[in-house]
Amino acid sequence: FVAALVASLPEGASIGTVIGRYYAMDRDNRWERVEKAYDAMVLAKGEHARDAVSAVAQSYANKVTDEFILPTVIDGYEGFKAGDGLFCLNFRADRA
């Protein structure tokens with residue numbers, strides 16, 4: 001899925017972070033989780049990976065799957081800046 005997403009991005013668009021929904025979409029008021037997602041998205045702080053596909057592969061290699069992927073910053077992403085856009089995507093095979 002991630003490889004297909006990367007291949008379909010328009011020119012000038014890139015993926016800055018990969019984050020499991022456990023962190024970015026918490027509904028239990030566990031603000032320490034949300035803070036990790038925020039820090040990755042806005043400040044470019046967190047785990048690092050070469051690209052989005054590698055971020056997922058690294059996580060899977062550590063037996064950490066989809067919803068629990070640690071907030072991971074993609075190399076070259078420097079945090080949210082004026083003029084940037086944000087697109088949040090949640091893929092769940094059971095809801096597709």
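For this structure, a couple of remarks:
- Qualifying residue in the range 20-43 (condition: more than 12 Å from the chain's Cα centre (by Cα), β-branched (Val, Ile, Thr) and at pLDDT 95 or above): yes
- The range 10-31, residues that are out of contact with any Cys (no Cβ under 8 Å at 6 or more places or on another chain), part of a helix (DSSP H, G or I) and in contact (Cβ under 8 Å) with a residue 12 or more places away in the chain: Arg21, Tyr22, Tyr23
- Cβ-Cβ distances below 9 Å connect the following pairs, each with a first residue in the range 85-96 that is under 17 Å from Gly16 (Cβ atoms) and of a type outside the set (A, V, I, L, M, F, W, C), a second residue that is modelled with pLDDT of 75 or more and assigned to a loop (DSSP other than H, G, I, E, B), and a separation of six or more residues or different chains: Gly85/Ala13; Asn90/Met25.
- Condition met for Ala7 (in contact with a His (Cβ under 9 Å, 6 or more places away or on another chain) and either in a helix (DSSP H, G or I) or of a type in the set (Asp, Glu) (or both)): no
- Contact map, the range 42-59: residues that are over 9 Å from Val18 (Cβ atoms) and touching a residue at least 24 places away in the same chain (Cβ under 8 Å) paired with residues that are of a type in the set (S, T, N, Q) and not in a strand (DSSP E or B), Cβ distance under 7 Å, separation 6+ or inter-chain. No pairs are found.
The values are calculated or read from the model by the stated rules, or taken from the named source; none is laboratory data. Since we're looking at a predicted model, the values are computed, not measured. Heads up, the Cβs are rebuilt from the backbone with ideal geometry, glycines too, and the neighbour counts pull from every protein chain shown.
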